[in-house]
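Just below is one structure, and these are the notes that go with it.
The values are calculated or read from the model by the stated rules, or taken from the named source; none is laboratory data. What you are looking at is a predicted structure, and each value in this text was computed from that prediction instead of being measured. Using ideal geometry, Cβ is built from the backbone for each residue, glycine included, and neighbour counts are taken over all protein chains shown. Only protein heavy atoms, including side chains, enter the accessible area calculation; ligands, DNA and RNA are left aside. Shrake-Rupley method; radii C 1.70, N 1.55, O 1.52, S 1.80 Å.
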Amino acid sequence: MYVAFVSEIDAVFFVCYNDSIPFSYRKDVLLLSSLFRRVRLPVCALLLPWLAFFLADGFVYAFTDVTGWCSLAFSAVWAAVLAGFLFLLPRWAARIIFLMLYYCAAIYAIVQAGYFRIFGKFMWLKDLLYLRDGTEFAGSVFTFLSPGFVLAAVLLLALGIIVAILRPKTQTSRVKLLAVCLCAITAVAALPYLLNVSCAADNRELGLGTDFYAGKSLRRAYELMYDAKKVYSLCGLYQTAGRDIAVHWIAPYLPGNQSAETERLATIERFFDDYAGSGEANDMTGLFAGKNVILVLMESADDWAINETNAPTITKMMDEGINFTNMYTPLYGSVRTFNTEFTMNTGIFSPTNGNLTFNYCGNDYAESLPNLFRGQGYSANAFHYNSPNFYSRGIMEPAMGYENYICYADYTEYGNSFSQALNEDTFVLTNESLHDLLLCEQPFFNFVISRNAHMPYSKQDSVSRYALEKYPQYEGTDECAEVDYYYAKINLLDDFFAMLLEDLEQEGLLENTVIVGVTDHYSYSMKDQARVLELSDVPVDLMVEKTPFFIWSADMDESMTVEKTLNTSDILPTLLNLFGIQSEYRYIGHDAFDPDYDGYAIFSDGSWITSDVVYEDGAVTYEFYEDASAATDLETMNQLAQRYIETVNLILESDYYAK
């Protein structure tokens, strides 16, 4: 028996044709060899490929927080279909095609699971194009992956080679072909049934009936493709990837898609008819009319880090200006910083439908802040230390209406290694040429993207080392070393605002300039998220998305605190109202001072926050006051959330503002 397993050909030949070995023994060897062949054929040719394809999806399931059986059931079916198809092929063809299919699946599974481990969400296939912009932080990214994750990934990749080597010879017959085809047809026919069963079970669990607009309906996510995690939770890796390709890579180019344009526009109009702001004047209309504007994107500046110790200047500006204490910056698309950057400039969130924001660089953004301010005679430029290729800002900033994207590298002698010299955002003020561009003579609406508080937070990062050397008092102050570096970096950001105020005063522009500070996202890039939650001191995790937002002007008679729940899309209409700029366009966001707007933040997975409750995963998870749930129309708010997400995508897909 051992001989048959070791060398099926040579050993069996030797035993069976060696007359010195008793015939009875040779007969037993032949029987064992025949049995081994019969067992080995289905095991190595069918079961092992099926197991390999299934484990690729199992890897994603194991390293994410997806629960339930349906995604695995879908993958089991698709793994069987793929294994059956390979069973019909000769050994050499089966090996080649298996390796191609398997490694596509395995690598995609590893990337998907790794992306979730880092960012807490799933990605669409087109999001892989963003990886180019993440190479600068690749070293930090891999620190988020545990040794167990890396080991499991290596084993998953090794499994493909093993299965290919063990592939036996097979011969196709009509019976085998018919059997495989029947099984494949039956399996594929079972997929819609699995889809319906899973959605029904999901809705029954939540008490939602068949209302697809309500809460956590996976069917709605599957139809609109607005959240990759929900689609995966419903139908697993292979069905999700197939639908991703069909919907996002094929359907947009089909003739039938063009004929749906009229309906898309009608859907947007219906949303605006039901939910758009009134656009009427209020007590804050025109408060800052005619003043200059410096809009600052405060990269990663979380609200728990902004205080008199770490950021005395920013804190003072918040206390003296308009401080919005319940601003949320939800993640739409896959890139947090550019999502906020795009939204606050255009009023439109990044798409959640698998397309990249950059795909819409040719859209008409006449409704954007820079375009509307330029229409009032302002100049508008964007400033940042990073290259124009990063997030395609060299294309996107002019597309959004800025006259130029001004990269600090063009104003140094360091070439491609310029980032080593630019340890502080104040470079835009200390460099004479940049200073004159930022604080120019004509009315200006200028946009500064900071970087001082950006990840990573460790001694391996040059800016982190510089910050802690400049502010050594933070070393060892927190149980988490990352926080020490983070506080020091926040101080660097504050230095920029302090120098900006000084320079504005020296130039005689202080009284006539409004400074707007917006954070792009909370400190999600810290590896110790448990410590971030402790420092954020929020009752539920979703509220960690709350970030600073303030507007400051030197001549304000009195400070103001706005406690209304707001989201990133509200920034644009709020600024237009404060500067008295009339726009012919309607926006998904609202003026924060509109008395008819109660305020809310809607997240890309359908969760939402109002002044009453926090709602996520199909249930109220927090009440801001007793019996708040009873006072909230959950069904209506859920319907708004789904229509809101759908409209975001349709506005970009249809180039709505051009029409």
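Within the bounds of the stretch 250-270, is there any residue that is touching a residue at least 40 places away in the same chain (Cβ under 8 Å), touching a Gly at 6+ places or on another chain (Cβ under 8 Å) and either of a type in the set (A, V, I, L, M) or part of a helix (DSSP H, G or I) (or both)? The answer is no, given that none of the residues of the stretch 250-270 is touching a residue at least 40 places away in the same chain (Cβ under 8 Å), touching a Gly at 6+ places or on another chain (Cβ under 8 Å) and either of a type in the set (A, V, I, L, M) or part of a helix (DSSP H, G or I) (or both).
Here the stretch 300-338 is the region considered, the condition is being at pLDDT below 95 and either of a type in the set (V, I, T) or open to solvent by 10 Å² or more (accessible area, probe 1.4 Å) (or both), and the residue that is nearest to L500 (Cα to Cα) is T337.
If you go through the stretch 271-294 one residue at a time, how many are in a strand (DSSP E or B) and within 17 Å of S583 (Cβ to Cβ)? Number satisfying all stated conditions: 1. Of (1) among the polar types (S, T, N, Q); (2) open to solvent by 10 Å² or more (accessible area, probe 1.4 Å); (3) closer than 26 Å to K121 by Cβ, S629 satisfies all except one. Which? Result: S629 passes all but (3).
Among the criteria (1) under 26 Å from L265 (Cα atoms); (2) in contact (Cβ under 8 Å) with a residue 40 or more places away in the chain; (3) not β-branched (V, I, T), the one E584 does not fulfil is (2). Within the stretch 523-534, one or more residues are part of a loop (DSSP other than H, G, I, E, B), aromatic (F, W, Y) and surrounded by fewer than 23 Cβ atoms within 10 Å (Cβ to Cβ).
Kindly check whether there is at least one residue in the stretch 643-656 that is touching a residue at least 12 places away in the same chain (Cβ under 8 Å), open to solvent by 20 Å² or more (accessible area, probe 1.4 Å) and assigned to a loop (DSSP other than H, G, I, E, B). Yes: the stretch 643-656 contains one or more residues that are touching a residue at least 12 places away in the same chain (Cβ under 8 Å), open to solvent by 20 Å² or more (accessible area, probe 1.4 Å) and assigned to a loop (DSSP other than H, G, I, E, B). Checked against the criterion of being at pLDDT 75 or above and either acidic (D, E) or open to solvent by 50 Å² or more (accessible area, probe 1.4 Å) (or both), the stretch 168-189 has no qualifying residue.
Checking the conditions here, which among F116, F149 is closer than 25 Å to M455 by Cβ, among the aromatic types (F, W, Y), modelled with pLDDT under 90 and in a helix (DSSP H, G or I)?
One residue alone meets the criteria, F116.
Take D598 and decide whether it is closer than 23 Å to L576 by Cβ, free of Cβ contacts under 8 Å to residues at least 40 places away in the same chain and of a type outside the set (F, W, Y). Talk me through it step by step, then tell me what you get.
On the way: closer than 23 Å to L576 by Cβ: yes; free of Cβ contacts under 8 Å to residues at least 40 places away in the same chain: yes; of a type outside the set (F, W, Y): yes.
So D598 passes the test.
Out of E397, E367, I need the residue that is open to solvent by less than 10 Å² (accessible area, probe 1.4 Å) and over 13 Å from F447 (Cβ atoms). Which one? Reasoning before the result, please.
On the way: E397 fails: over 13 Å from F447 (Cβ atoms).
Step by step, each of E397, E367 is checked, and only E367 is open to solvent by less than 10 Å² (accessible area, probe 1.4 Å) and over 13 Å from F447 (Cβ atoms).
Check the stretch 24-39 and report whether any residue there is modelled with pLDDT of 90 or more, among the polar types (S, T, N, Q) and not in a loop (DSSP other than H, G, I, E, B). Step through it out loud before you land on a result.
In the first step, residues of the stretch 24-39 are kept if they are modelled with pLDDT of 90 or more; the result is none.
Checked against the condition, which is being modelled with pLDDT of 90 or more, among the polar types (S, T, N, Q) and not in a loop (DSSP other than H, G, I, E, B), the stretch 24-39 yields no hits at all.
From the list S392, S417, the lone residue that is more than 21 Å from E502 (Cβ to Cβ), open to solvent by 60 Å² or more (accessible area, probe 1.4 Å) and either in a helix (DSSP H, G or I) or modelled with pLDDT of 95 or more (or both) is S417.
Take the conditions (1) modelled with pLDDT of 95 or more; (2) touching a helix residue (DSSP H, G or I) at 6+ places or on another chain (Cβ under 7 Å); D570 misses just one of them, which is (2).
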